[in-house]
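First the structure, in the form of structure tokens, and then the observations on it.
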Amino acid sequence: MSASPLALVAISAAGAAVLVMVWFLVRRPALTRTTKVALLAGIGILPLTTATTGNVAGYEAMKTRRFCGSCHVMTPYALDSADLASEGLAARHARNEAFGDENCYTCHSDYGMFGTVTTKLGGLRHAYEYTFNFRQLSLEEALPKIHIRQPFPNSTCIRCHSTKNPLWLRVGDHVSTLDEIRANRTSCASVGCHGAAHPFSHAIHHPAEVAK
Amino acid sequence: MNRRLRVACVLTIIALGLMVWSILAPTPLPVMLAMTVGQGLGTLAFGLFVWTVVQDLRGKSPPP
């Protein structure tokens, strides 16, 4: 539960609106000017306040790893990130204070002009997929079927790891693949480079590699 | 007319309940419900209110 100021505003506005509603339902006043103004507040302004502040609080909540991990098919991902001993790439991005608690969202969101909107639409699709296709599946049945929809773009990594620092540019593998990295032809998160991002799912998706 | 407003009040209460639930328990089901059904019902209720008030004001103005 979040005790943020936003949540308080949202809940207080809702409480005040409900008081107006109950007053109207119980007392059944005539539709005078006063009644109209009260209803304008109770049906219009106060709920709108709850909706907008609640929206912001909702968007914030949806970014957290806890939120992502609350559908059962995502628990292994969340557990791996929470495991301090894990050496998976996602887990190594889960310990910093800046975005560690929101690491899933940080890597798996679109950036660019309409990034927030397209990410939200993608999230809605996830909720739909989960509700109608994955909810009934056990973890063992579901994991092999869960794939990334579009190859993970290097630009997401490059947003934070600029590829322009001298130390970075002194790494042999970075130099030899620089053009390919920037052109997105070689994934930063591929095995042999910095992947797999989620080692356990990689093992499920590519059993042959692991058997080697 | 007042009946319609009472319906709007009940819809608003349901909508607010969904929104508050999503704030207290920000997990997928309540958050999705609040942002779809909750906001939908709230908008509907406000629509009913506006409709009623407009009708009321029209009724009161002298006939042309």
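The values are calculated or read from the model by the stated rules, or taken from the named source; none is laboratory data. Note that the structure is predicted; figures quoted are calculated from it, not measured. When we count neighbours, we look across all protein chains shown, and the Cβ atoms used for this are built from the backbone with ideal geometry, even at glycine. Protein only, heavy atoms only, side chains kept; ligands, DNA and RNA dropped before computing areas. Shrake-Rupley method; radii C 1.70, N 1.55, O 1.52, S 1.80 Å.
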Who wins for biggest fluctuation among B:Leu44, B:Leu18, B:Leu29 in a Gaussian network model of chain B, springs between alpha carbons below 10 Å? B:Leu29
Expressed as a whole-number percentage, the relative contact order of chain A with C-alpha contacts under 8 angstrom and at least six residues apart is 16 percent
Taking all protein chains in place and a 1.4 Å probe, what share, in percent, of the accessible surface of the range A:72-201 do carbon and sulfur account for? 59 percent
Total Å² of accessible surface buried at the A-B contact, 1.4 Å probe, nearest 100? 2700 Å²
Each label sits 7 Å from Cα toward the beta-carbon; between A:Ser12 and A:Leu31 the label points are separated, in nm, by 3.3 nm
Heavy-atom accessible area per residue of the range A:5-61, all protein chains kept, 1.4 Å probe, expressed in Å², is 51 Å²
Using a Gaussian network for chain A with springs between C-alpha atoms less than 10 Å apart, which of these wobbles most: A:His72, A:His198, A:His161? A:His161
Cleavage-rule hits (GluC sites (Glu not before Pro)) in the range A:51-135: DSSP loop, at most 14 neighbouring Cβ within 10 angstrom: A:Glu87, A:Glu97
Taking Cα pairs closer than 8 Å and at least 6 residues apart, the relative contact order of the range A:2-82 in percent is 36 percent
Suppose each label sits 7 Å from its Cα in the direction of the beta carbon; what would the B:Val50-B:Val37 distance come out to in nanometres? 2.5 nm
Of the candidates A:Asp101, A:Asp173, A:Asp83, which one comes out as most mobile in a Gaussian network treatment of chain A with C-alpha springs shorter than 10 Å? A:Asp173
Among the aspartates and glutamates, select those whose C-alpha is under 16 Å from the C-alpha of A:Lys120, and discard any that sit fewer than 8 residues away in the same chain. A:Glu60, A:Glu102, A:Asp110, A:Glu129
Which value in nm describes the separation of the simple spin-label points at A:Glu141 and A:Asp83, placed 7 Å from the Cα toward the beta carbon? 2.5 nm
What helices does chain A hold that run 18 Å or longer along their axis, going by alpha-carbon atoms, with a Kyte-Doolittle average of 0.5 or more, using DSSP H for the helix calls? A:5-27
Summing -39500 (n - 2.57) over the DSSP H runs of n ≥ 4 in the protein assembly as shown and dividing by its residue number, what mean residue ellipticity at 222 nm do you reach, to the nearest 500 deg cm²/dmol? -18500 deg cm²/dmol
List the trypsin sites (Lys or Arg not before Pro) within the range A:78-150 that DSSP assigns to loop and that have no more than 10 neighbouring Cβ atoms inside 10 Å. A:Arg149
